[in-house]
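Remarks on the structure that follows.
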Amino acid sequence: MNALAGCLLVSALLFSVGLAGALTRRSAILVLAGIELMLNAANLNFIAFCRFGPHPELRAGWIFVI
């Protein structure tokens, strides 16, 4: 398994935990925490594809995350 696949696997697990938390909880705070986990997973995808893409010197993914 290469580094990109590892990052995508961690991101998918993080997104699935956030989705399960957002769909199964009744408290607004816990739902928002689940949504935050899903957004963090999306940010991890942006960083991974920027870092391991064809032009890693371009910081477009990093700028979008910030």
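The values are calculated or read from the model by the stated rules, or taken from the named source; none is laboratory data. Owing to the predicted nature of the structure, the values given are computational and were not obtained by experimental measurement. Don't worry about glycine lacking a Cβ; one is built from the backbone with ideal geometry, like all the others, and counts go over all protein chains shown. With ligands, DNA and RNA removed, areas are computed over all heavy atoms of the protein, side chains included. Shrake-Rupley method; radii C 1.70, N 1.55, O 1.52, S 1.80 Å.
For the chain, the relative contact order works out to 31 percent when only alpha carbon pairs closer than 8 Å and six or more residues apart are counted. Counting only protein heavy atoms and using a 1.4 Å probe, the accessible area of Ser27 comes to about 50 Å². With a 1.4 Å probe rolled over the protein heavy atoms of all chains, the accessible area of Ile47, Ile29 falls in the order Ile29, Ile47, largest first. Among the listed values (1) 20, 15, 9; (2) 27, 14, 5; (3) 17, 11, 11, the one matching semi-axes √(5λ) of the Cα gyration tensor in Å as calculated from this structure is (2). Annotation for the chain: chymotrypsin sites (Phe, Trp or Tyr not before Pro) lying in DSSP loop with at most 14 further Cβ atoms inside 10 Å of their Cβ are Phe52.
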